[in-house]
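Notes to accompany the following structure.
The values are calculated or read from the model by the stated rules, or taken from the named source; none is laboratory data. Owing to the predicted nature of the structure, the values given are computational and were not obtained by experimental measurement. Glycine gets a Cβ as well: all are built from the backbone with ideal geometry, and neighbour counts include every protein chain shown. Please note that ligands, DNA and RNA were not included when accessible areas were found on the heavy atoms of the full protein model with its side chains. Shrake-Rupley method; radii C 1.70, N 1.55, O 1.52, S 1.80 Å.
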Amino acid sequence: MSILKRFVKDTAVYGLATILPRIMSVVLVYLHTDKLETSGYAENTSFYIGAAFLNVMLTYGMETAFFRFFSKAEDKQRVYSTVLIALTTTTLLAFGILWLFKTPISEALELPVRYFGYLLGVVILDALVVAPFAYLRAKGKALRFAGIKLINLAIYVILNIGLLWAIPHFGLNFSWYSTDEYLVYIFFANLMASAVTFLLILPDFFTTRLVFDKQLFGQLWRYGWPVLVAGLAFVVNENLDKLLLANMFDDKDIMGAYSGCYKLAVFMTIFIQAFRLGAEPFFFNHASSKNAPATYATILKYFTIAGALGLMIIVCFIDFFKDLLIGNADYFIALEIVPYILLANLFLGIYHNLAVWYKLTDKTLYGMYFSLVGAGLTIGLNWYFIPLIGFMASAYATVAAYGAMMLISYYFGQRHYRIPYNSLRIVLYLFLAMGSALLSFYIFRGNYLVNTLFILLFAGITFALEGRELKRILTKKSA
């Protein structure tokens with residue numbers, strides 16, 4: 001099996017663990033937007049913004065550092081043991097500190113204090129399983145990884161459907177049940193799913209002899225702390241727009257509508273997450289191969305093609321997807337953001353591809369700098385333009401932030417770790433996809449014949465340019 005086909009196979013398994021949850025989240029987004037007013041959905045969004053921020057803080061770059069050191073270490077178990085002990089210890093310490101300061105933290109997140117216990121439980125449990133899950137990925141145990149993730153999904157979905165739909169639909173009477181507590185039930189479902197996941201992964205805490213190597217941890221920390229800062233900047237890029245919309249308009253309905261339509265980019269997010277789960281260990285494990293740069297270049301090209309095609313499909317059939325994902329027409333006021341959020345996420349996916357250079361050369365400070373540039377653009381553009389053009393400012397700012405990060409990373413990457421990317425083809429595919437998507441959205445929206453022709457034209461051009469190489473890759477027996 002060729003290296004590229006092995007990469008696609010591993011990514012497909014990880015993708016299963018990502019795609020199925022996201023497909024089910026389509027059902028849940030519809031359910032949540034149907035049951036929650038836009039203001040209630042804004043509080044739901046604040047909950048998960050808090051979770052994203054705390055998850056980055058609690059893992060402090062150790063997951064990426066683990067892959068880097070595990071791939072090149074002679075004593076791999078020592079690397080795993082050190083990361084496992086470090087993350088477990090700091091997570092338990094953080095639990096006590098966060099609980100002690102729950103009131104000011106809740107106020108900073110604009111989240112009622114009564115929800116904070118659920119938030120803290122979810123993020124603590126999720127942080128505790130980071131090291132065991134990373135170990136499964138590094139060892140190539142994709143099926144076990146996927147199996148546990150799917151069990152997590154099943155619990156979350158079943159509890160959501162049961163608590164938000166089945167009980168009121170069938171008129172079941174329980175003394176503890178109230179239709180005013182839909183948000184609590186959503187958070188409770190997440191907490192239960194995380195708790196079961198922790199119990200399932202718990203045996204993996206004891207698969208190795210527990211040894212903490214202080215010197216190794218120092219090396220892991222030096223590699224990982226820029227990843228921590230970059231992660232915090234990423235949370236800003238992803239979420240500050242929603243918080244600013246709520247504060248600057250003093251209207252949670254606008255934030256809720258924006259956040260709901262933002263979810264229409266879920267399919268691009270699925271694609272990027274599935275790719276990252278397979279790509280990170282793959283890039284490290286094959287870094288010593290003499291053909292590694294050419295392999296990375298090929299992966300980026302086909303990643304761009306797939307992402308561009310996905311962007312076109314979603315925008316060209318936007319009315320189908322909006323009715324599928326969103327259960328309340330009040331959210332549709334923000335529908336115009338969708339093409340731009342999809343493009344921004346595709347830029348982000350390309351950036352993750354390009355990031356291979358600073359991870360392999362141990363120059364993670366560059367990743368921190370790039371993320372800070374993106375965060376600076378996000379803050380500045382949102383702050384200045386939201387009062388002028390409303391929520392579209394946030395969509396444009398997201399494109400600008402991720403686009404800038406992508407271009408800067410490409411420039412410096414070619415200076416420090418040259419990879420023969422076919423830049424002209426990549427730019428061509430991006431222009432074709434976004435140009436067709438904007439024509440579809442603003443001029444031919446609802447004309448499925450024309451929109452289908454756009455997609456077929458893109459596919460035809462791609463096949464004409466890449467068909468021969470793709471055939472060679474698929475028929476290659478070994479690397």
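Worth pointing out:
- Listed pairs 141/301; 242/263; 139/471 exceeding 24 Å between Cα atoms: 141/301; 139/471
- Note, ³J(HN,Hα) from phi for the range 49-58, Karplus 6.51, -1.76, 1.60, rounded to Hz, x at Gly and Pro: 5, x, 5, 5, 4, 5, 4, 5, 5, 6
- Pairwise inverse Cα distances across the range 354-479, averaged and inverted, put the Kirkwood hydrodynamic radius at 17.8 Å.
- Per-residue Karplus couplings for the range 354-364, computed as 6.51 cos²θ - 1.76 cosθ + 1.60 with θ equal to phi - 60°, are listed in order as 5, 5, 4, 5, 7, 6, 6, 9, 6, 10, 5 Hz, Gly and Pro entered as x.
- Chain lengthening between residue 169 and residue 452 when straightened (0.36 nm per residue, less Cα-Cα): 98.0 nm
- Förster radius 22 Å - calculated FRET efficiency between residue 178 and residue 37 (Cβ-Cβ, nearest 0.05): 0.90
- Separation of the residue 459 and residue 141 label points, Cα + 7 Å toward Cβ, nm: 4.0
- Neighbour cut-off at most 15 other Cβ (10 Å), DSSP loop, GluC sites (Glu not before Pro), the range 31-114: 37, 74
- Where only DSSP H runs of four or more residues are counted, the chain gives -27500 deg cm²/dmol as its mean residue ellipticity at 222 nm, each run worth -39500 (n - 2.57).
- The share of accessible area on the chain that comes from carbon and sulfur is 67 percent, using a 1.4 angstrom probe.
- For the range 125-258, Kirkwood radius (reciprocal of mean inverse C-alpha pair distance, Å): 18.7
- Building the convex hull from the alpha-carbon atoms of the chain and averaging its projection over directions returns 23.2 nm².
- Entry comment: accessible area of the chain is 44 Å² per residue, from protein heavy atoms only and a probe of 1.4 Å.
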